[in-house]
Amino acid sequence: METIEETATAATEATETRRFRVFRFKRGDRGPHLDEFDVPVTARTTLFDAMRWIQFNRDPSLALRHSCLHASCGTCGVRANGREVLMCVTAVHDLGREITVEPVANIPVLTDLVVDMTEFYARFPEAHPLVRESGFDLGAEAPEGVPTYQRYEDCIECGLCLSACPVVATTDRYVGPGALAWAQRILEEPRGEDVLSVRDWADDPDGAWRCHAAFECTEACPSNVNPAARIMQLRGALVGPRLTRREMPR
Amino acid sequence: MSDNTRADGVPGSSERRARGPVLRKGVGPSPTGWFDPRGRAIGSWAFAVNRITGLGLVFYLYLHLGVLSLLLAGESAWNDFLEIATTPVFLGLDVLLLFGILFHGLNGVRVALVGTGIVPNRQMALFWAGTMIGTVVLVYGAVHIIGSG
Amino acid sequence: MNAHASRTSRPHVLIVGGGGTGGALAHDLTLRGVKVTLVERGEVTSGTTGRHHGLLHSGARYAVGDRESAIECIEENTILRRICPGSFEENDGLFVAITDEDMEYLEPLLKGCADCGIPTQTLTRDEALRLEPLLNPELKAAVRIPDATMDAMRMPLRFFATAKHGGAGIHSYMEVEGLLVHDHLVSGAVVRDHVTGKEGEIRADIVVNATGPWAEHIAAMAGVDVPIRPSPGVLLALRGRLSNMVINRMHKSGDGDIVVPQRALSIVGTSSWTVDDPDDLGVPEDHVRRMYEEGSKLIPAVKTAEFRAAWSAARPLIGSKDQVDSGRELSRTFKTYDHKETDGVEGFVTITGGKGTTLRGMAELCANVICAKLGIEAECQTRDTVLFPHEAYYAA
């Protein structure tokens, strides 16, 4: 855990150079290739900083996807040395001397490090509620006129879970951890959504039953969604009523 | 090059719309994406080894049935088999088989508990518990199997 | 292609810049029947828009020193809640007085808010701590105002999604490398498509410069100047949701005087300085330290919270190059420049300034100017049109 003192001394650290091998692909190319760049880095440099340095100082045709720069928008997901990370919060320091940077797996590449998120969103059956009960209130009261404290759902739709999942690597039909975690959240906190239709959607061989408990999605998730555990809870919720012959809650 | 009355008055629109290459993790074509847990966490290793031991056990099952059918061929056929069955290589394979049974069985219990939502958040703990039990039984079993040769 | 001949077919507007302003403008013009193409060099909102702390302004921060901006903010705050339902953490916000000096700001704040139509509720120390237990226990008083939190990318994305489904062509990874200018007439742009690597041209009746702090860079391609000072500030993201309401310091605008919750993070902001190149901002270490210091005056837990990220974002402030200052004194309002009037160049309009909260209002103003130039009579419909969900932007 960083303190103010550690933050302050970072400024005096020396600059060194790291070698990056960056995945490149433009439409019309026969296939992808890796470009090598030597980039000056400090203890503070993030993978995003390094890629942007390349874009501004070496190759303006390098396409990068980013927006918030603080792990809130989920747009800067890549694979660094084979592991799924968000570029903006990954220190180059932690990645080793030579770093291979590729787009996330299992989603079609649009250009260079950018993937076409259309295929990520296509796995969700419909638009989903973004806001939920906060759960972080330490027993506080909400102000008059505010029924309960709200916050955004944890999921930042980065797609790292999809990239990490070994089952998604074998088929495009599996809906994937992100969509299933969303479904479990609906069951947990309906917010007026149609719980029965969400259950039916999840209760499918290519839905909740396709998961094989590799737990890679939870490892990769930068936002504490814990999709693997949610998929297991979802399964419990799908099976429970059948075993006890209980009426499905409406 | 492009004029503004066309629906997509932008350069290269048809190329843009084509589906791009899909990267997979792992060796070879996509169906082996599960086969390459390099650089992944414990969960992926458990998953991959579970599949391999599963395939191994199925193969062993048929082999075992084949071997047992030697009993129908008479005493000398069976005795010939027993001679091979007590060689060090064969005993070594027996230990490997024991590992496969233990891993697949104990991990299977773990997957069942986790996969039906009974203890979804304790998957690592279950893995290490299974490893400890499995190691003890494997060592005990290996000593006895090899000792019997 | 001259402007006159194109009126017989649908007029075409090319918007350069895919930030909140560009998206909202694409949506507004599409609803008015104009054919729109928007080009953005990276992902939409990857300039300044996606990087801010996510505050949906009540306007209270400007109620004392910048009434025009404050009124714009509270109006747009109300409209956005209506047209983007489900896109905000609607927990309101607090202005918190920590010192006696802060308490001197209380009266001006209440009066300023009243004058601008911003509802307030004054709270005692105990009342404030009941709402937000992690506040500095030495606080003296608090004022509740209708701040809210947005996802800085996903809220504007709804404008893009709606525009796209209305027929606008939204093209990310398409960078403007030059404008087509001849005889004081801008007729389009030369673009590089970073998806294919190829260059091409897009012709339009009007080109709109909606590039925020990069406005000067694009304007220079048309041979005109716009008085924009890129004014960055540092932001700090810490792990832990330390408050549910937006927490502001009850004093004149200063460094580190706001803490905004964002999912399970807390964002402390911000600082202010001016630069020439919006692509070269840096993250000054002493500014990051100030965020910790000032933020912990509001919420002591800031001091020991785990670091998540520190970054800079450049505000596009309207002010001339001669005004050398920290950027704090420049107005936060927005302006449209019709370059025919300001510089004698036809077919080129710049819209800039403003805040994340006022994106729709800026677009309305700019769309009015554009429609007047095109000779189109069409009313703005964006005040009451509920937007598509953000996922629709990525739908095939």
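The numbers here are math on the coordinates, done by the rules we state, and not lab data. Every value quoted in this text rests on a predicted model; they were computed, and no experiment measured them. Please note: Cβ atoms are built from the backbone with ideal geometry, for glycine as well, and neighbour counts cover all protein chains shown.
Quick check on the exposure proxy: order A:Leu110, A:Leu196, C:Leu238 from fewest to most C-beta atoms within 10 angstrom.
Result, fewest neighbours first: A:Leu196, A:Leu110, C:Leu238.
Can you give me the distance in nm between label points at A:Arg173 and A:Val239, each placed 7 Å from the Cα along the Cα-to-Cβ direction?
If labels sit at A:Arg173 and A:Val239, their model points lie 2.2 nm apart.
Taking every residue in A:152-159, how many Cβ atoms of other protein chains lie within 10 Å of its Cβ, on average?
3
With +1 on each Lys and Arg Cβ and -1 on each Asp and Glu Cβ, how big is the dipole of the stretch C:102-219 about its Cα centre, in debye rounded to the nearest 20?
Working: 11 positive and 18 negative charges, 93 e Å.
Here the size comes out at about 440 debye.
Per residue of the stretch A:101-106, what does 6.51 cos²θ - 1.76 cosθ + 1.60 with θ = phi - 60° give for ³J(HN,Hα)? Whole Hz please, x for Gly and Pro, Karplus curve as stated.
Here the 3J(HN,Hα) series is 10, 10, x, 5, 8, 6 Hz.
Regarding the stretch A:119-244, what is the average projected area of its C-alpha convex hull, in nm²?
Numbers: hull surface 35.6 nm².
Computing the convex hull of the Cα atoms and averaging its projections yields 8.9 nm².
Going toward the positive end of the dipole of the stretch A:55-148, with +1 on Lys and Arg Cβ and -1 on Asp and Glu Cβ, which of A:Val89, A:Leu130, A:Gln55 do you reach last?
A:Gln55
Under the definition of Cα pairs under 8 Å and six or more residues apart, what whole-number percent is the relative contact order of chain A?
Relative contact order here is 15 percent.
Taking 8 Å as the Cα distance limit and 6 or more residues as the minimum spacing, I'd like the relative contact order of chain C as a percentage. Walk me through the numbers before you get to the answer.
Numbers: 955 pairs, mean separation 92.2, N = 396.
Once divided by the residue count of chain C, the mean separation gives 23 percent.
Return a whole-number percent for the relative contact order of the stretch B:41-147, with Cα pairs under 8 Å and 6 or more residues apart as the contact set.
Across the stretch B:41-147, relative contact order equals 33 percent.
Given charges of +1 on the Cβ of Lys and Arg and -1 on the Cβ of Asp and Glu, with all other atoms neutral, how large is the dipole of the protein assembly as shown about its Cα centre, in debye to the nearest 20? Numbers along the way, then the final one.
Values: 81 positive and 101 negative charges, 390 e Å.
The dipole of the protein assembly as shown has a size of about 1880 debye.
In chain C, with Lys and Arg counted as +1 and Asp and Glu as -1 at Cβ, which of these residues, C:Thr162, C:Gly233, C:Gly54, has the Cα nearest the positive end of the dipole, that is, farthest along it?
C:Thr162
When N is the residue count of the stretch B:79-149, what does its C-alpha Rg come to as a fraction of 2.2 N^0.38 Å?
1.43
For a footprinting-style exposure proxy, rank A:Met232, C:Met150 by other Cβ within 10 Å, fewest first.
C:Met150, A:Met232
Show me, bin by bin at 5 Å from 0, the whole-percent P(r) of the stretch C:115-199 based on Cα pairs.
In order of increasing distance, the bins hold 3, 10, 10, 9, 11, 11, 7, 6, 7, 9, 8, 6, 2, 0 percent.
Of the DSSP beta bridges with both residues in chain C, give the percent that are antiparallel, rounding to the nearest 5. Could you put the intermediate results ahead of the total?
Details: 53 of 74 bridges.
Within chain C, antiparallel bridges account for around 70 percent of the total.
Using DSSP to call loops (not H, G, I, E or B), can you name the trypsin sites (Lys or Arg not before Pro) in the stretch A:139-230 whose Cβ has at most 16 other Cβ atoms within 10 angstrom?
When the trypsin sites (Lys or Arg not before Pro) of the stretch A:139-230 are filtered for loop state and at most 16 Cβ neighbours within 10 Å, A:Arg173, A:Arg191 remain.
Taking every pair of Cα atoms in the protein assembly as shown, average 1/r, invert it to obtain the Kirkwood radius, and report Rg/Rh to two decimals.
Here the Rg-to-Rh quotient is 1.03.
Based on Cα coordinates alone, diagonalise the gyration tensor for the stretch A:4-116, multiply each eigenvalue by 5, take square roots, and list the semi-axes in whole Å, largest first.
Gyration-tensor ellipsoid for the stretch A:4-116: 25, 16, 12 Å.
Suppose each label sits 7 Å from its Cα in the direction of the beta carbon; what would the B:Leu63-B:Val109 distance come out to in nanometres?
The answer from the label model is 2.6 nm.
Starting from the Cα of C:Lys35, draw a straight line to each of the lysines and keep only those under 22 Å, dropping any in the same chain fewer than 8 residues away.
C:Lys164, C:Lys340, C:Lys373
Using the Cα centre of the stretch A:4-116 as origin and beta-carbon charges of +1 (Lys, Arg) and -1 (Asp, Glu), tell me which of A:Val41, A:Cys73, A:Val115 is placed farthest towards the positive end of the dipole.
Checked the options; the winner is A:Val115.
Excluding same-chain residues fewer than 8 positions from C:Lys252, which lysines have a Cα within less than 27 Å of its Cα?
Filter leaves C:Lys111, C:Lys140, C:Lys297, C:Lys303, C:Lys321, C:Lys335, C:Lys355.
Taking amide hydrogens as modeled 1.01 Å from N in the peptide plane, which residues meet the under 5 Å criterion relative to A:Cys73, leaving out close sequence neighbours?
A:Cys68
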